[in-house]
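Working notes, beginning with the structure itself.
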Amino acid sequence: GAGSSTGGGVRFELEKETELRFEVEAGERVQLELLSGLAEVFGSELNRNKKYTFGPGSKIAVFTWQGCTVSLTGKTEVAYVSRDTPMLLYLNTHAALEQMRQQAERDNERGPRVMVVGPTDVGKSTVCRLLLSYAVRLGRRPTLVELDVGQSGVSVPGTVSALCIERPADVEEGFSVQAPLVYHFGSTTPGTNIKLYNKLTSCLAEVFSQRCEVNRRASVGGCIINTCGWVKGSGYQALVHCASAFEVDVVLVLDQERLYNELKRDLPHFVRVVLLPKSGGVVERSKACRRDTRDEKIREYFYGFRGASFYPHAFDVRFSDVRIYKIGAPSIPDSCLPLGMSQDDTQLKLVPVTPGRDLTHHVLSVSCAEDEGTGPEGGAGRRGILESPVCGFIVVTSVDTQAQVMTVLSPAPRPLPRHTLLIMDIRFIDLK
Ligand code: ATP
């Protein structure tokens, strides 16, 4: 299995059920090519003699069930072959889920709803991707529910979302993100507003269930829910809430026995809780690395994958043309709350934001909520805004308080499709 250097690249002979793991050095690119045999990257099959390019910092595993030869060209930080992978266990998990789908088909029931949990850096997103790609390769139409507000695979950070999966993930780019359903959360950790987080989880569960009622394939396909790595205190309670909101049938716990035991204790007995090992290949990511990934996700939203495909627009927006809100008032002691008001109300409150210089660089979600006064009943009303999905994002690049306008970066030309904007804690500095 050792790499041997030939011509352009380094060749690796992989025996069956082994994987080549590699990391791309900062500022570098690495090309992968399958020369013979069969291999896959996180559940997506490689085509022979096609060059796949991975950007700086990518951490990739090329797994083979049958054995193969691949070559790598470019600077890798590490590249080694491992025989010790949990892939057989993951495949068995997929087989069990597929059996549940077959049974659902026969009995006119719904397919498996699966929640994937575990601390940070155990490969939750990778397991979700694998299970979804395997399911779609068998013709299923599973739904990915992304609840990881720190590292969303679907939309920009600070959001939760759902995406119907119709084809396996692209080896280089991941799942094709067409028409996801996205909700504004506003920060990269659920802890900043756990009430809102739980409420959005319930919203997604409701929309998914409605879709299952009218779409048999979606119902049989079930869903795979990716969660945050925060598994203690309110983070744990949020997992229990999610399990109940989605009425999950299966919980896959990666790596942590304590979490497994807690969930077995606290979830209804009919929920199958399964402990799975993490892959030794999953690489721990530093805070800085996570920040870079988030930044990259926002950059991709505006500029497209690898900065080549989209051309965002910059234009001025008058303060008087938009309404900007932050969700959640700062919490105040219980004793100071007005009569009849609870802390929940403050966390879910829409607080109008007066535009000022400090808006600069903030990411704003453009809410799909009907603009007030223009909807069928005079607008969705303030309560509707929380539960309304988002139709896009803009970044404030500068603010002119004198002229009462702000300049924004937007994927689409002016005018904004809607006028209700929700501010995120997240900033993006456009270096283009
Ligand atoms: P988070 O808690 O931050 O969401 P996670 O538990 O979802 O993390 P992943 O995002 O799935 O973890 O994996 C972390 C990194 O490890 C990713 O860059 C992924 O590509 C890489 N990775 C996963 N499995 C392997 C493997 N077998 N070999 C090499 N790299 C891997």
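Listed values, structure above:
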quantity: D (Stokes-Einstein, µm²/s), Kirkwood Cα radius, the chain, 1.306 mPa s at 10 °C; calculated: 69
quantity: Positive-end residue, region 115-268 charge dipole about Cα centroid, Cβ charges, pick of V149, A179, Q210; calculated: Q210
quantity: Computed Rg/Rh of region 269-349, alpha carbon atoms with Kirkwood Rh; calculated: 1.17
quantity: Positive-end residue of P112, V62, F302, charge dipole of the chain with Cβ unit charges; calculated: V62
quantity: Among S388, S279, S36: highest mean-square fluctuation, GNM of the chain, C-alpha pairs under 10 Å; calculated: S36
quantity: Of the GluC sites (Glu not before Pro) in region 52-134, those whose Cβ has at most 15 other Cβ within 10 Å and which sit in DSSP loop; calculated: E109
quantity: Computed magnitude of the charge dipole of region 150-288 (debye, nearest 20; Cβ of K, R +1, Cβ of D, E -1); calculated: 280
quantity: Gaussian network model of the chain, Cα within-10 Å springs - most flexible of P142, P180, P157; calculated: P180
quantity: Label-point gap, in nm, between E25 and V214 - each point 7 angstrom along Cα→Cβ; calculated: 5.4
quantity: Leading residue at positive end of dipole, the chain (Cβ point charges), from V363, F315, V351; calculated: F315
quantity: T69-S309 FRET efficiency (beta carbon distance; Förster radius 35 Å; 0.05 resolution); calculated: 0.60
quantity: Lysines with Cα under 18 Å of K75, excluding same-chain neighbours fewer than 8 positions away; calculated: K51, K59
quantity: For the chain, share of DSSP beta bridges that run antiparallel, in % to the nearest 5; calculated: 75
quantity: Euclidean distance of C-alpha centroids, region 150-207 and region 226-259, integer Å; calculated: 16
quantity: Computed magnitude of the charge dipole of region 242-335 (debye, nearest 20; Cβ of K, R +1, Cβ of D, E -1); calculated: 260
quantity: Angle in degrees between helix 87-107 and the longest Cα principal axis of the chain, rounded to the nearest 10; calculated: 60
quantity: For the chain, size of Cβ-based charge dipole, Lys and Arg +1, Asp and Glu -1, in debye; calculated: 240
quantity: Label point at D425 placed 7 Å out along Cα→Cβ; residues across region 284-328 whose backbone nitrogen lies under 15 Å; calculated: 291, 326-328
quantity: Between helix 233-245 and the chain: long-axis angle, C-alpha atoms, 0 to 90°, nearest 10; calculated: 80
quantity: Likely footprinting exposure, K287, K51, K264, fewest C-beta neighbours within 10 Å first; calculated: K287, K51, K264
quantity: Of L200, L409, L89, the one that fluctuates the most in a GNM where the chain has Cα springs shorter than 10 Å; calculated: L89
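Coordinate-derived values only; no laboratory data. Here the structure is a predicted model, which means the values were calculated and not measured. Heads up, the Cβs are rebuilt from the backbone with ideal geometry, glycines too, and the neighbour counts pull from every protein chain shown.
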